[in-house]
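So the structure is just underneath, and the comments pick up after that.
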Amino acid sequence: MLDKKKLRRSGMNKDEWMKCVYEFIGTFFLVLTVGLVVLDPQVGLWAPLAIGSILAVMVFAGGHLSGGHYNPAVSLAVFMRKKLSLSDLGRYWIAQLVAAVIAAFLALYFKEGKTTSPVEFDILKALLIEFLFTFALCYVVLNVATSKATSGNSYFGWAIGFTVLAGAYAVGTISSGAFNPAVVLGLSILHLSSWSHIWVYIIANLLGGAVAALIFNAAHSDEV
């Protein structure tokens with residue numbers, strides 16, 4: 001049980017705390033799975049399937065409470081959709097990034113420090129492809145998980161997970177297929193992506209989420 005006095009001192013109620021806990025858990029298992037499968041050469045072409053699957057099941061598990069974002073770009077899109085408060089946006093980002101850091105170091109521990117060389121890529125191509133597929137991911141999230149027209153559907157988790165799965169197969173060799181600033185933070189800690197390139201992902205991912213929200217809001221002005 002959460003201590004009510006401590007909750008009052010933090011300025012957060014129990015529901016707000018639990019939303020952050022759920023975001024932490026989902027992001028943690030997503031980044032941990034990414035690290036473990038990418039660092040294991042035997043997984044090979046199955047890696048995107050594992051990543052898309054863990055995302056889908058975590059979205060199903062946490063969607064009813066926190067929305068199941070596990071991605072700062074998705075949280076930004078939902079905020080712009082006016083389904084998330086500014087204070088919750090900041091809390092979600094902190095929970096997601098802290099989870100990514102812990103998961104990445106735990107992956108290194110499980111793999112006994114095993115690392116690979118950071119992926120080298122064309123910055124312009126990576127910027128564009130990360131923008132496009134983060135846009136696709138956030139576009140799917142907004143339409144299957146926040147729209148009145150699809151409210152109560154039973155497929156939202158698979159739609160979101162399979163978007164990441166398809167994107168990872170399609171553009172993994174171009175940009176590593178992150179589509180998520182929390183994931184790329186984990187990839188950087190795991191030495192799978194260069195720290196000098198992290199800005200490419202942050203800009204592309206957040207911009208993709210913002211554009212998806214703008215388009216959704218324009219198409220669903222009656223829901224905004």
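Structural remarks
- When Ile94 is tested against (1) part of a loop (DSSP other than H, G, I, E, B); (2) surrounded by fewer than 17 Cβ atoms within 10 Å (Cβ to Cβ); (3) touching a residue at least 24 places away in the same chain (Cβ under 8 Å), just one condition goes unmet, and that condition is (1).
- Contact map, segment 208-224: first residue closer than 19 Å to Val164 by Cβ, second residue part of a loop (DSSP other than H, G, I, E, B) and open to solvent by 20 Å² or more (accessible area, probe 1.4 Å), Cβ cut-off under 9 Å, separation 6 or more or different chains; pairs are Phe216/Thr146; Phe216/Glu223; Phe216/Val224.
- Within segment 146-157, the presence of at least one residue that is assigned to a helix (DSSP H, G or I) and under 27 Å from Ala107 (Cβ atoms) is confirmed.
- Filter pass, Leu84 being in contact with a helix residue (DSSP H, G or I) (Cβ under 8 Å, 6 or more places away or on another chain) and farther than 24 Å from Ala204 by Cβ: no
- Per the listing Leu137, Leu142, Leu185, the residue uniquely out of contact with any strand residue (DSSP E or B) (no Cβ under 8 Å at 6 or more places or on another chain) and open to solvent by 10 Å² or more (accessible area, probe 1.4 Å) is Leu185.
- Residue list for segment 145-165, restricted to those being touching a residue at least 12 places away in the same chain (Cβ under 8 Å) and open to solvent by less than 60 Å² (accessible area, probe 1.4 Å): Ala145, Thr146, Ser147, Phe156, Gly157, Ala159, Ile160, Gly161, Thr163, Val164, Leu165
A quick yes/no check of all residues on (1) out of contact with any Leu (no Cβ under 8 Å at 6 or more places or on another chain); (2) at pLDDT below 95; (3) within 27 Å of Trp199 (Cα to Cα); (4) small (Gly, Ala, Ser):
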{"residue": "Gly68", "(1), (2), (3), (4)": "yes, no, yes, yes"}
{"residue": "Leu76", "(1), (2), (3), (4)": "no, no, yes, no"}
{"residue": "Ala104", "(1), (2), (3), (4)": "no, no, yes, yes"}
{"residue": "Tyr109", "(1), (2), (3), (4)": "yes, yes, yes, no"}
{"residue": "Thr115", "(1), (2), (3), (4)": "no, yes, yes, no"}
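- Count of segment 179-215 residues which are of a type in the set (S, T, N, Q) and part of a helix (DSSP H, G or I): 3
- Test: residue in segment 98-114 that is surrounded by 15 or more Cβ atoms within 10 Å (Cβ to Cβ), outside any helix (DSSP H, G or I) and of a type outside the set (Phe, Trp, Tyr): yes
- Flag for Ala218 being part of a helix (DSSP H, G or I), out of contact with any Gly (no Cβ under 9 Å at 6 or more places or on another chain) and open to solvent by 10 Å² or more (accessible area, probe 1.4 Å): yes
- When Val57 is tested against the conditions (1) modelled with pLDDT of 95 or more; (2) among the aliphatic types (A, V, I, L, M); (3) open to solvent by less than 50 Å² (accessible area, probe 1.4 Å), the lone failure is (3).
The values are calculated or read from the model by the stated rules, or taken from the named source; none is laboratory data. Quick caveat, the model's predicted, so the values are computed rather than measured. Note that we place each Cβ from the backbone using ideal geometry, even for glycine, and neighbour counts take in every protein chain shown. In case anyone asks, the SASA skips ligands and DNA or RNA and just uses the protein heavy atoms, side chains included. Shrake-Rupley method; radii C 1.70, N 1.55, O 1.52, S 1.80 Å.
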